[in-house]
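Report on the following structure.
The values are calculated or read from the model by the stated rules, or taken from the named source; none is laboratory data. What you are looking at is a predicted structure, and each value in this text was computed from that prediction instead of being measured. Methodologically, a virtual Cβ is constructed for each residue, glycine included, from the backbone with ideal geometry; neighbour enumeration extends over all protein chains shown.
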Amino acid sequence: MKKHANIIIIGILLLLAAISIVYLFLAKGPKAAVEEYITAMQRKNFDTLYEMNYESQRKVLLILRETTERREDLLKENYLAEKQAFEKAIAGTDISLQWSEKFLFMPDMKYSIMKAEEEVEKAPSAFFRERRLMNVYVKVEYTNEAVAPVLQAAGLEPKKIKSAIYQIKMIQREEIIKGIRLEKIKRGWIFKGLTVVEAAPF
């Protein structure tokens, strides 16, 4: 009897291990999502950026939450408005603006993922509810001074940046807005924003 129970337990553990392995292979983690976002930005692949950007997808989820006959029209309008905003974005030192990362993730740069750390924050719409985010730290080096971004440290003049470490905040799509049927939401980590941890000028 005891031997039979042990076999069942081992079988369950093997099944759980198999499910975990499949999940790891099929589910894109935050580090892989950051790489995908950076690559899409370097190639100016707007369709991918649109699907992986917090602000654009927050608006999509708000549209999906409404029951309206104009849903498809509103989704199309949102896409075109975001694309226009992306194309009209201009370089600046305020990296909190949407699409400002367009001028940080460029072809003339090298980067490496350093680490990822979990963060739990209170949801802005409900202080009692927590949501899980991941901070992915990326080290970048700009190889072409002519097109390198200009950043401004506190109290200092804006300068062209040779290298930097960015803390990129990633959030799961279903954590953006609650109250939407999950089958309507594409799963995965998306880009929420970044901060500069450190930067070195040319």
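Look at (1) over 30 Å from Glu157 (Cβ atoms); (2) surrounded by fewer than 16 Cβ atoms within 10 Å (Cβ to Cβ) and you find that Val60 fails only one, number (2). Residue check: is Glu82 of a type outside the set (Gly, Ala, Ser), assigned to a loop (DSSP other than H, G, I, E, B) and on the phi < 0 side of the Ramachandran plot? When the stated conditions are applied, Glu82 does not pass them.
When the stretch 138-166 is filtered for residues that are part of a loop (DSSP other than H, G, I, E, B) and either under 18 Å from Ile90 (Cβ atoms) or touching a Leu at 6+ places or on another chain (Cβ under 7 Å) (or both), the ones remaining, listed by number, are Ala148, Pro149, Gln152, Pro158. Looking at this structure, is Lys83 at pLDDT 90 or above and either over 20 Å from Ile190 (Cβ atoms) or not basic (Lys, Arg) (or both)? No. Going by the structure shown, is Val60 in contact (Cβ under 8 Å) with a residue 24 or more places away in the chain and of a type outside the set (Phe, Trp, Tyr)? Judged against the criteria, Val60 is not a match.
Residue-level analysis places Lys76 outside the set of residues that are farther than 18 Å from Arg187 by Cβ, part of a helix (DSSP H, G or I), under 18 Å from the mean Cα position of the chain (by Cα) and at pLDDT 90 or above.
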